[in-house]
Amino acid sequence: MKPLTRKSIRILPLLFVCLLLTQAFMCPGTPYHKLVTAEHNFKGVVATFQDVEIAEFQSGGVEPQLHLKIQGGILQVANGGKDLAELIQANATPQTIRQKLDSIYALLDNLLNDGVLHVTNPKSKASLELALDSVKAIVDNVATALGQ
Amino acid sequence: MDPKIVAILKMILLAEPPVVHLVHDLLVGTGGQSDQAVLTKDIADWQAIAAKAKAQLGS
């Protein structure tokens, strides 16, 4: 057997990293893992939405009454998210998880219609709408991961 | 191809599934934790989001 050339040795780590990243990106995971990942991402975007709203309020872009309404909505969504995580952890039926998702969709609609759409500062309104759209897109991912 | 490279690649392919899953989890942001551990941490994080909202409502 021929000894490895320096060129071959140098190319090996590169090959390994390419192989690993390609397969990691293509890693399908189980449906349960996909659901957990989607729920995890949902939590992340709700936390971001909350931070964006607090920042907009502190910079004067969101009226105090609307700030209270929006944070009240986030509180309900957070309780819904906690319920969702607990249902997934308890291996609840897809129907039960779907019902919880439907209630979260309704809470997000309220958050948009009763809160975000009433923000008068256009820049703040646009930032919040964008952040809320991300939350909705991630909830869609949870529904997709649920397979229904 | 150099048989040594082939041997090393074979070794990588055999050893890779756990590593691939770990890298996948790191890429999707779950940090290589088990699904149950992710959910337990998420439940605590949801409670923190709720507490932050309550603090805003009280301020």
**Study point:** Failed item, numbered, when A:GLY115 is tested on (1) closer than 22 Å to A:VAL62 by Cβ; (2) facing another protein chain (nearest Cβ under 10 Å)
**Key:** (2)
Exercise for review: Check A:ASP109, A:ASP83, A:ASP102, A:ASP51 and return the single one that is closer than 23 Å to B:ALA37 by Cα and free of Cβ contacts under 8 Å to residues at least 24 places away in the same chain.
Suggested key: A:ASP83
Review point. Taking the stretch A:45-102 as the search range and keeping residues that are within 11 Å of chain B (Cβ to nearest Cβ), within 22 Å of A:LYS123 (Cα to Cα) and charged (D, E, K, R), which one is surrounded by the fewest Cβ atoms within 10 Å (Cβ to Cβ)?
Key: A:ASP51
Exercise for review: Considering only the stretch A:113-124, state which residues are crowded, with 18+ Cβ neighbours inside 10 Å and part of a helix (DSSP H, G or I).
Suggested key: A:GLY115, A:VAL116, A:SER124
**Study point:** A:GLY72 being modelled with pLDDT of 95 or more and assigned to a loop (DSSP other than H, G, I, E, B)
**Key:** no
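The values are calculated or read from the model by the stated rules, or taken from the named source; none is laboratory data. Here the structure is a predicted model, which is why all the values come from computation and not from measurement. Reconstructed Cβ throughout: ideal geometry from the backbone, glycine too, with neighbour counts over all protein chains shown.
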